[in-house]
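No value in this document is a laboratory result; all are computed from the given coordinates. All figures in this text were calculated on a predicted structure; none of them were measured in a lab. We place every Cβ from the backbone using ideal geometry, glycine too, and count neighbours over all the protein chains shown.
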Amino acid sequence: MSEEDIAEVIAGWTGIPLTKINETESEKLLSLEDTLHERVIGQKDAVNSISKAVRRARAGLKDPKRPIGSFIFLGPTGVGKTELARALAESMFGDDDAMIRVDMSEFMEKHAVSRLVGAPPGYVGHDDGGQLTEKVRRKPYSVILFDEIEKAHPDVFNILLQVLDDGHLTDTKGRTVDFRNTIIIMTSNVGAQELQDQRFAGFGGSSDGQDYETIRKTMLKELKNSFRPEFLNRVDDIIVFHKLTKEELKEIVTMMVNKLTNRLSEQNINIIVTDKAKDKIAEEGYDPEYGARPLIRAIQKTIEDNLSELILDGNQIEGKKVTVDHDGKEFKYDIAEQTSETKTQSQA
């Protein structure tokens, strides 16, 4: 039996991710910004803030009773809040699945709050455990994402206060669940609509630092009007995400296209998307209300749907090079024999 086999068994018993057992954590922490930016485009301030807070915690400069870190992410939809949480889960705990997502819109009513720690004895669902406590008990090393906390019933914040203060919860079976090895992230859209209505220039992609500071102050003011001071004071950092610039949107398109290229290469289909095509996809796929989320649909519409039609129409594109371009009016698709040079280009 090798050391790797032993580490894998221990990981299964304890819930501690394998990468945490066999990798030097200090090396990972010192390069955390670079690791997160491989998946999160832009949002430099957010990535830097969360990386510094995590390093402080892991260096022993935090209260050992509390979670590794706790953050509130503010900003409009589709700018990378959830993706940053996923990227953090992967980089810190080895897997996207180390992120536990709790949709706070499911806890708007007072009677629903108890589901977080479990139904009382004698009630339906008591044996199942709490929706929050049971997941953390099974995955003690995790990122917990409380999505849209402004929708939660006020009683939910009593539970969150205990987690942030004491680092543990007791479920209805009397078991103490440890949150000290978790990272708590709470997202909120508070203030985002007001900013969109006011049409701040900086929130639409301007690099003007003064505009961004105005935006930040406005969102923090809305946050303070919406949540109790004793709750906000227990959070390590409040991070404001800005709207994505055109350049950042194009970077996201490039990242998504690269993922598609890798998938297609497994089928011996090599695709090249020109800069003009990427610009048009970024333009068509951006929605001020939903941010970058519609980009996935734009890529499906402009690339995947047309490739599907080419294949079903009898075109033999396996082993060939497919170039996607835009001529200013419409997308163009060129199929050509592949050379070693074009294969290298498609993998770049």
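For the pairs K151/K301; K151/K280; K28/K81; K139/K259; K44/K139, note any where the Cα-Cα span goes beyond 26 Å.
Exceeds cut-off: K151/K301; K151/K280; K139/K259; K44/K139.
Over the Cα atoms of region 137-195, what Rg and Dmax result, in angstrom?
13.4, 45
Label 7 Å along Cα→Cβ of I296; region 252-269 residues with amide nitrogen under 13 Å?
The answer is 256, whose backbone nitrogens lie closer than 13 Å to the label point.
Stretch K65-E330 to full length: gain in nm at 0.36 nm per residue minus the Cα-Cα span?
Here the answer is 89.5 nm.
Residues with amide H under 5 Å of V273's amide H, sequence separation 5 or more or different chain, H placed in the peptide plane at 1.01 Å from N; which?
For V273, the qualifying residues are V324.
Stretch N233-K44 to full length: gain in nm at 0.36 nm per residue minus the Cα-Cα span? Show your work: numbers first, answer last.
Working: separation 189, 0.36 × 189 = 68.04 nm, distance 2.39 nm.
65.7 nm is the gain from fully extending N233 to K44.
Please report the orientation-averaged projected area of region 246-347, defined via the convex hull of its C-alpha atoms, in nm².
Details: hull surface 25.7 nm².
Result: 6.4 nm².
In sequence order, what are the phi-derived ³J(HN,Hα) couplings for region 97-108 according to the Karplus relation 6.51 cos²θ - 1.76 cosθ + 1.60 with θ = phi - 60°, rounded to whole Hz, with x for glycine and proline?
My calculation for region 97-108 gives 5, 7, 9, 9, 9, 10, 7, 6, 5, 7, 10, 7 Hz in order.
Hey, got a sec? Which chymotrypsin sites (Phe, Trp or Tyr not before Pro) in region 275-339 land in a DSSP loop and have at most 10 other Cβ atoms within 10 Å? Walk me through the intermediate numbers first.
Details: sites: Y286, Y290, F331, Y333; in loops: Y286, Y290.
Within region 275-339, no chymotrypsin sites (Phe, Trp or Tyr not before Pro) qualify (loop, at most 10 other Cβ atoms within 10 Å).
Between K276 and M108, what FRET efficiency comes out of the Förster formula 1/(1 + (r/R0)^6) with R0 = 45 Å and r the beta carbon distance, rounded to 0.05?
0.45
For every other residue with a beta carbon closer than 11 angstrom to the beta carbon of T274, add +1 if it is Lys or Arg and -1 if Asp or Glu, then tell me the sum.
So the surrounding residues net to -1.
Around M99, under 14 Å between beta carbons, what's the net of Lys plus Arg minus Asp minus Glu among the other residues?
Values: positive: R39, K81, R86, R101, K135, R138, K139; negative: E83, E90, D95, D96, D97, D103, D147.
Neighbourhood net charge equals 0.
What nm value, rounded to one decimal, do you get for the distance between D95 and N158 when each label is placed 7 Å out toward the C-beta?
Label-label distance for D95 and N158, simple model: 3.5 nm.
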